[in-house]
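Novice: Here you go, one structure.
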Amino acid sequence: MPRLIPTGTCWCGCGTEVGIGSFFARGHDKIAEAALLVTEYGSFVPQLLHKHGYGPGHGTPSLRLP
Ligand SMILES: [Zn+2]
C-alpha cells in the first residue's frame, strides 16, 4: 500500500476541512467506503467477496482466523 498523506480536506469529496492527521470528517470514511463499493460493485456483495478471494470455503475477512 502506498503511504498516503492527509491533505487537510475530507477525502470523501465533500470539501470539509479536517484536522491535521485526519483523512475524513467524522463518519465520512464510512460514507466514502459505501459510495466506493456501490460504484465499483453496485452493492453486490458476492462480487466484492469473490474479487478479493473470499467466498464459499474461504471465509470472510472478519471471520478469518489468524
Ligand atoms: Zn466528507
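Novice: Note down all Cβ pairs under 7 Å where the first residue falls in the range 29-47 and is farther than 20 Å from residue 9 by Cβ, the second is open to solvent by less than 90 Å² (accessible area, probe 1.4 Å) and part of a helix (DSSP H, G or I), and they're at least six residues apart or on different chains.
Specialist: 37/48; 41/48; 43/37; 47/41
Novice: Here's another thing I want to ask about it. Could you check how many residues of the range 1-59 are among the basic types (Lys, Arg), part of a loop (DSSP other than H, G, I, E, B) and within 12 Å of the ligand (Cβ to nearest atom)?
Specialist: Residues of the range 1-59 among the basic types (Lys, Arg): 3, 26, 30, 51.
So of that shortlist, the ones also part of a loop (DSSP other than H, G, I, E, B) come out as 3, 26.
Filter once more, so that each one left must be within 12 Å of the ligand (Cβ to nearest atom): 26.
Adding up the residues that qualify gives 1.
The values are calculated or read from the model by the stated rules, or taken from the named source; none is laboratory data. The structure displayed is predicted, hence computed values, not measured ones. Cβ atoms come from the backbone with ideal geometry, glycine included; neighbour counts cover every protein chain shown. Ligands, DNA and RNA are excluded from the accessible area calculation, which covers all protein heavy atoms including side chains. Shrake-Rupley method; radii C 1.70, N 1.55, O 1.52, S 1.80 Å.
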